[in-house]
Amino acid sequence: MDWSLTPEQLEIQRSVAALCSDAHAASEDEAVIWRRFADAGWLGMHLPEAAGGLECGAVEVALLMQTLGLHGMPLPFVQRAIVFGGLLAAVTPDAQPLAATIAGEEIGVALIDPDLTVGDQVGKLSLVGSSVPLPGGHSAKHLLLLDNSQSAAWLVDVGADDVVREDVTLHGAGSAALFHWRDGGHVNAIELPGAECAQAWRDRIEPLAQLALAAFNLGAMEAALSASTAYSRERRQFGQRLADFQALQHLLADAGVDVELTGSLVFGAAMALDAGRDDARRLALSARVYADEAAKRVCKSAIQLHGAIATTDELEVGHHLSRVAVNANQLGTTQQLLRRLAVSAD
Amino acid sequence: MHWPVDSVEEAFRDEVATFLQGALTEDMRRSASRITSIFFEFDCALAWQKKLHAKGWGAPAWPKEYGGPGWSPAQQLIFQEECARAGAPLPYAIGLQMLGPVLMEYGTPAQKARYLPPIINGDDIWCQGYSEPNAGSDLAALATSARREGDSYIVNGQKIWTSYAHRANRMFALVRTADTKKPQAGISFLLIDDMAAPGLTIRPIKSLDGHVEQCEVFFDDVRVPVENLVGEENDGWGVAKFLLQHERGGYSYYIAAQRLLAIVDEVASTQQANTMDADMQVLRARLQTKLEALRFFEYRQVTGDSSLPASAASMCKLAGTELAQVIDELAATLMGPWFGVMQGDIWGLDPADQPIGPAAGAGVMRHYLNNRAATIYGGSAQIQRNLIARELLAG
């Protein structure tokens with residue numbers, strides 16, 4: 001087991017960090033940053049070469065996500081690249097939407113386990129109501145629906161008038177969209193090989209996606225902790241540094257343990273996925289759950305330690321909590337994932 | 001960063017598993033399954049030590065030149081993992097994990113030759129004379145004195161919380177050899193190699209769980225040969241700190257937690273105990289995720305990850321002991337009204353009595369009480385937090 005980063009892995013960390021810093025400095029909007037990620041090849045980093053990807057492993061994906069979390073950059077990499085791109089690559093590697101997704105030219109997003117009602121006519125999809133908010137769904141042209149229980153999958157063209165997209169913003173500066181279906185009517189959609197989609201989701205895509213969310217939260221908690229230790233050395237009350245109060249030292253020590261344990265599990269699970277170990281999928285889910293809870297603890301402690309200033313929009317440290325709390329409800333809530341871990345060895 | 005499946009390691013794992021299957025007796029398994037402490041039942045642990053010694057595996061972490069098998073850190077961990085899986089006891093660790101490394105680092109050739117082999121074969125049982133009534137977490141305040149007189153030190157004073165002093169034949173101790181302004185500077189590391197020496201009195205202390213694990217040890221002009229000094233006189237604090245690293249790091253907290261969770265699962269599956277409801281299942285799953293995090297944190301330590309913080313051993317101890325205490329709580333809940341029933345003599349290789357209530361949970365109450373000490377000994381949880389924070393806030 002080798003925990004050191006290869007030159008290539010260090011380079012990913014370095015370039016993502018540089019891109020984030022530049023983007024913050026120039027106040028670039030998300031569309032511009034997304035294009036830069038595409039130009040660097042990262043939108044297909046996890047995909048096989050045959051599908052136009054770079055064949056990077058879970059460790060590389062985790063490093064990218066950790067760096068995004070560290071820099072407070074809630075890009076919808078998981079939703080667009082890993083889930084949507086991954087599902088398309090699994091079933092239709094030659095399709096044009098995949099190439100456009102990797103190139104950052106078209107936006108697609110996936111809705112996992114919606115309550116799909118397949119219509120009374122064979123091959124027709126009927127939907128009722130609206131989707132939940134999907135991070136990364138803003139400006140989406142494609143929506144992939146995957147119903148695992150029925151092993152059914154559809155690719156919906158969002159431009160058609162039977163699906164209306166409503167873009168929304170998320171706390172922590174991410175964006176999302178809701179999709180409204182024309183009530184009771186059929187939705188024009190291409191049916192995808194559902195069994196293959198469901199299999200790919202279960203075996204590869206979900207573990208990588210959950211791990212990636214965990215890695216983002218790891219980066220966010222590292223940022224929150226380092227802001228807190230820096231502030232503790234600088235801020236004075238009652239004539240001494242915050243760093244000299246034992247109550248705060250112990251808050252920070254607990255946060256330090258949370259960060260180290262989370263980092264160990266995230267990268268341990270990443271290495272297990274890359275090595276194809278038997279317990280890799282379970283470890284990826286465990287990493288997600290542990291990171292959700294640990295990141296919330298650390299980000300809340302960071303706010304507590306900073307005091308009132310951290311409850312404002314002006315200080316970055318409070319926004320880390322928004323981001324990790326948003327992530328903790330994506331692709332299943334922490335509690336739902338814990339239930340899954342509890343009832344199944346899978 | 002990668003973790004290839006290593007066929008040599010897997011073959012080693014099979015070899016260990018095969019040995020364990022043959023070597024463990026039913027009596028040992030039964031005794032080892034009733035976990036009440038970080039120490040396994042003494043006679044069971046000793047019998048197991050002798051079996052391991054006969055196989056040449058008596059000191060898994062020691063290099064070959066001192067009688068160890070020369071295993072890599074990865075092999076040592078595999079050995080521990082397989083021992084837990086097979087339900088083997090852990091050998092008594094004070095000599096193996098604490099004094100052994102100290103003698104290898106600081107001991108004279110004569111000390112190594114005399115004291116290391118009987119640790120492996122189980123003939124010598126060492127205890128650790130560190131804490132005193134007025135020197136607990138603040139260890140450097142210790143007052144037990146060793147006054148030089150010819151070729152001897154004359155030791156006077158009192159130690160407390162000395163685990164298994166009543167079963168040990170030797171003790172290593174920290175003693176004060178000089179009154180210095182900085183208390184750490186006047187401490188020496190001494191081998192008190194005869195627990196039956198004139199002037200040495202042992203008083204066992206009955207713990208909350210009704211059993212004796214700790215003792216008080218009194219010294220009244222106890223004579224110790226000067227050649228039993230380890231390291232330089234007045235330089236014992238450095239030796240002690242070296243040893244503390246082994247006390248904190250030489251133990252796998254995640255494996256210990258795994259053993260406890262196995263008990264939880266077994267208790268939950270028995271008729272007499274409470275079944276796990278949905279809330280308890282979620283708690284069980286949550287504890288498992290922390291266990292996995294701890295596992296990889298320990299892997300980082302074993303494989304020498306250079307990005308580890310200096311306080312990693314403190315972090316591990318803090319997280320590991322607190323995890324074990326939460327598992328105790330879950331086990332207690334599962335036991336329902338059976339929790340708290342005092343058991344008879346069911347702990348050893350040859351039990352006189354049958355357990356009362358769910359057999360799998362017979363040790364749960366004792367462990368619950370005994371394990372309160374885990375966040376106190378070896379630097380309390382609060383001391384560990386101080387150390388971790390000191391590193392985080394440095395610079």
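Throughout, read-outs are computed from the coordinates displayed, never taken from laboratory work. Keep in mind the model is a prediction, meaning the values are calculated, not measured. Neighbour counts run over all protein chains shown; Cβ positions are idealised from the backbone, glycine included.
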Shielding of B:279-292 by other chains, given as the mean Cβ count within 10 Å, works out to 6
Honestly segment A:3-110 on the Cα gyration tensor test (a ≥ b ≥ c root eigenvalues; a/c under 1.5 rounded, otherwise a/b vs b/c for prolate or oblate) is just oblate
If every Lys and Arg gets +1 and every Asp and Glu gets -1 at its Cβ, then about the Cα centre the protein assembly as shown yields a dipole, in debye to the nearest 20, of 1900
A correct Kirkwood calculation over the Cα atoms of segment A:64-206 returns a hydrodynamic radius in Å of 15.4
Out of A:Gly174, A:Gly239, A:Gly268, a Gaussian network model of chain A with alpha-carbon springs under 10 Å gives the largest mean-square fluctuation to A:Gly239
Within the set B:Met315, B:Met171, B:Met280, GNM on chain B using Cα springs under 10 Å gives the largest fluctuation to B:Met280
Taking Cα atoms only, helix A:334-343 is inclined relative to the longest principal axis of chain A by an angle, in degrees rounded to 10, of 70
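Can you tell me the FRET efficiency between B:Ser269 and A:Ser149 if r is taken as the Cβ-Cβ distance and R0 is 22 Å, rounded to the nearest 0.05?
Calculated value: 0.15.
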Taking 0.36 nm per residue of separation between B:Ala143 and B:His211 and subtracting their Cα-Cα distance, the length gained on full extension comes to 21.7 nm
The local net charge around B:Ala197, scoring Lys/Arg +1 and Asp/Glu -1 for residues other than B:Ala197 whose Cβ lies under 11 Å from its Cβ, equals -2
Plugging the Cβ-Cβ distance of A:Asp167 and A:Phe238 into 1/(1 + (r/R0)^6) at R0 = 56 Å yields, to the nearest 0.05, a FRET efficiency of 0.70
Mean other chain Cβ within 10 Å across A:287-299 is 2
Computed for chain B: size of charge dipole around the Cα centre, +1 on C-beta of each Lys and Arg, -1 on C-beta of each Asp and Glu, debye to nearest 20, value 540
Summing -39500 (n - 2.57) over every DSSP H run of at least 4 in the protein assembly as shown, dividing by its residue total and rounding to the nearest 500, the 222 nm mean residue ellipticity is -15000 deg cm²/dmol
Two pseudo-spin positions, 7 Å from Cα along C-beta at A:Gln199 and at A:Asp115, lie apart in nanometres by 3.0
So, with points 7 Å from each Cα along the Cβ direction, the B:Ala262-A:Ser27 label distance in nm works out to 6.1
Between the Cα axis of helix A:30-39 and the main Cα principal axis of chain A, the angle (0 to 90°, nearest 10) is 80
Applying the gyration tensor rule to the Cα atoms of segment B:182-254 (axes a ≥ b ≥ c; rounded if a/c under 1.5, else prolate if a/b exceeds b/c, else oblate), the class is oblate
Segment B:48-104: relative contact order from alpha carbon pairs under 8 Å, six or more residues apart, as a whole percent, is 25
Flagged as over-length at 30 Å C-alpha distance, from B:Lys64/B:Lys290; B:Lys159/B:Lys241; B:Lys206/B:Lys290, the pairs are B:Lys64/B:Lys290; B:Lys206/B:Lys290
Length gained if B:His2 through B:Gln245 is fully extended, taking 0.36 nm per residue and subtracting the Cα-Cα distance, is 84.7 nm
Tilt, helix A:246-274 to longest principal axis of chain A (alpha-carbon atoms), in degrees rounded to tens, equals 30
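Tally Lys/Arg at +1 and Asp/Glu at -1 over every other residue whose Cβ is under 13 Å from the Cβ of B:Glu149; what's the total?
+1
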Given a Förster distance of 41 Å, the FRET efficiency implied by the Cβ-Cβ spacing of A:Ser4 and B:Val341, rounded to the nearest 0.05, works out to 0.20
For chain A the mean separation of alpha carbon contacts under 8 Å (6+ apart) over residue count, i.e. relative contact order in percent, is 16
Hits for chain B under the membrane-span-like helix rule (DSSP H, Cα axial span at least 30 Å, Kyte-Doolittle mean at least 0.0) are B:312-335
Across 20 Å bins beginning at 0, the whole-percent shares of Cα-Cα pair distances in chain A come to 30, 56, 13, 1
Note: B:Ala310 to B:Ala17 extended length (0.36 nm per residue) minus current alpha-carbon separation gives 102.1 nm
Here the tail fraction of P(r) beyond 34 Å, over all Cα-Cα pairs of chain B, rounds in percent to 30
Semi-axes of the protein assembly as shown from the Cα gyration tensor (sqrt of 5 times each eigenvalue, largest first, whole Å) come to 55, 29, 23
Label model pair B:Ala178, A:His180: point-to-point distance (7 angstrom along the Cα→beta-carbon line) in nm is 8.4
